[in-house]
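Down below is the structure, laid out as structure tokens.
Each value in this text was obtained by applying a stated rule to the coordinates, not by laboratory testing. From a predicted model like this one, the values you see are computed outputs, not experimental measurements. A quick note on method: Cβ atoms are made from the backbone with ideal geometry, for glycine too, and the neighbour counts reach across all protein chains shown.
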Amino acid sequence: MASRLDYRAPLDYRDAMKNQTFVNHPPPVEVPADNRPLVAPIYQSVKFSFDDTAETSSHLRGQRAGFYYSRTSNPTLRQLELSLARLQGRDECLLVGSGVATIAAVSLALCKQGDHVLAFVESYGPTRYLVQHLLAKFGVSHTLLSIEDRDGIERVLSQTETRLALFESPTNPVTKIADIEHLTAHAGRTGCLTVMDNTFAGFHNHGGFAVDIFLHSLTKYASGHGDVMGGAIIARSELIARMRKDIVSMGPTLDPHAAFLIQRGMRTYFLRYERQCANALAVSRFLQQHPRVRRVFYPGLETHPQHALAKRQMSDFGTVVSFELDGGLKEGSRMADALQYFSIAASLGSAESLVVPPQLLGGQDYTPEQRAASLIGPGTVRLSIGIEDVADLISDLAQALDKAFA
Ligand SMILES: Cc1ncc(COP(=O)(O)O)c(C=O)c1O
């Protein structure tokens, strides 16, 4: 029996309605069960209703499947959650409204007053902010090490009871590689949960390591077109279940339309990532032989100090290429201003190429020691490589380097 509020209620039921009532109960459009849309429809509905109170109660008690309120769950989000969990090699996923929201939500859901968190100098700026300021406000202490400091990692994990180790690989912007096996082994021995922001490496990398929780900014490679934001928390179901109530109660929900756009972006995820990686390697090799470039940071280059580790851990090397100009802020901005095919913009991972000159790279809050560990210098430029024709990208970089040093 169709319920009072079901938009699929039979038409004759609506005949008696006044128009002001009718517009709130629009006529049904039935899609036959054997006539499926090839792209799943967007469930742009906040609410879902069952036929009666008993069925609704049964759902809310977890005794029957279905959906009730989209802040908690929604079919369009569920399709994306199931896809991303599988790609990352875990069995559960929870979507939120941005990449940063994943970091805040997981930290707040898992930490309590008096806990300690291990984080890294090379981590994304807002991650460090969350650890140093937001968690600190709630009495959670932290240690900030360089991701290369293996002795420090062992010392902290063995001497200080640590709730979370929050890390990235490759790091931003200079693409240092975390030794994931080393970190997860030492964390696992002491019951510390490892949380890896895997945005740079993508869903197809790192799933085989004993990382407890993967975070992704879906704003980057997943959506791929720079037109939507989102975040994914991916882990074994027991861990997601432990965090779900707290995170849902904070309300960082992803909108169904955003989930639909991200799901659409995922159809070309592998093609884009592969092309972007090939372009990134070609751009790195070009920069490496340029007389005005002192050093190139790309894990796919044999000269990268952690190339062997990157090769062991990853199937490809990402799409961010950074380099140190034989100059400083002035040359960095002149080069960025002269580029035609690279926009000066934040973010990464979309189809188009971007550049961040040294003035706009983060790390303004670093102590002198942290700045030294970050390897960000006055001539550091970050490129996010897109899917354009690589010959165009290289000739654009060549002319911009000429102008920067003219
Ligand atoms: C490694 C990493 N994590 C998280 C984020 C944040 O993602 P969002 O912009 O979707 O909040 C970014 C954004 O640049 C990032 O580079």
Longest the chain segment clear of trypsin sites (Lys or Arg not before Pro) sitting in DSSP loops (not H, G, I, E or B) with at most 11 other Cβ atoms within 10 Å runs 113-266
Taking amide H positions as placed 1.01 Å from N in the peptide plane, with prolines and chain starts having none, which residues 5 or more places from Thr194, or on another chain, fall under 5 Å of its amide H?
Ala165, Asp212, Ile213
Between the alpha carbon centres of region 137-207 and region 347-386 the gap in Å comes to 21
What angle, in degrees between 0 and 90 and rounded to the nearest 10, separates the Cα long axis of helix 390-404 from the longest principal axis of the Cα atoms of the chain?
50
Between 0 and 90°, nearest 10: helix 180-189 axis offset from the chain longest Cα axis:
60
Given points 7 Å out from each Cα along the Cα-Cβ axis, report the Lys330 to Ala398 separation in nanometres with one decimal.
2.7
The helix 269-288 Cα axis meets the longest alpha-carbon principal axis of the chain at an angle in degrees, between 0 and 90 and rounded to 10, of 10
Cleavage-rule hits (GluC sites (Glu not before Pro)) in region 125-175: DSSP loop, at most 13 neighbouring Cβ within 10 angstrom:
Glu161
Compare Gln159, Gln276, Gln132 in a GNM of the chain, Cα atoms joined below 10 Å, and give the one with the largest fluctuation.
Gln159
Can you give me the convex hull volume of the Cα atoms of the chain, divided per residue and expressed in Å³?
172
So what's the back-of-envelope 222 nm ellipticity for the chain, counting only DSSP H runs of four-plus at -39500 (n - 2.57) apiece and dividing by all residues, rounded to 500?
-11000 deg cm²/dmol
Amide H proximity to Asp326 below 5 Å, modelled H, separation 5+ or other chain, gives Val293, Arg294
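Return a single number: how many Lys pairs in the chain, at a sequence separation of 8 or more or on separate chains, have alpha-carbon atoms below 17 angstrom apart.
Numbers: Lys112/Lys137; Lys112/Lys245; Lys176/Lys311; Lys330/Lys403.
Number of lysine pairs found: 4.
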With springs connecting C-alpha atoms under 10 Å apart, model the chain as a Gaussian network and identify which of Asn198, Asn279, Asn35 has the largest mean-square fluctuation.
Asn35
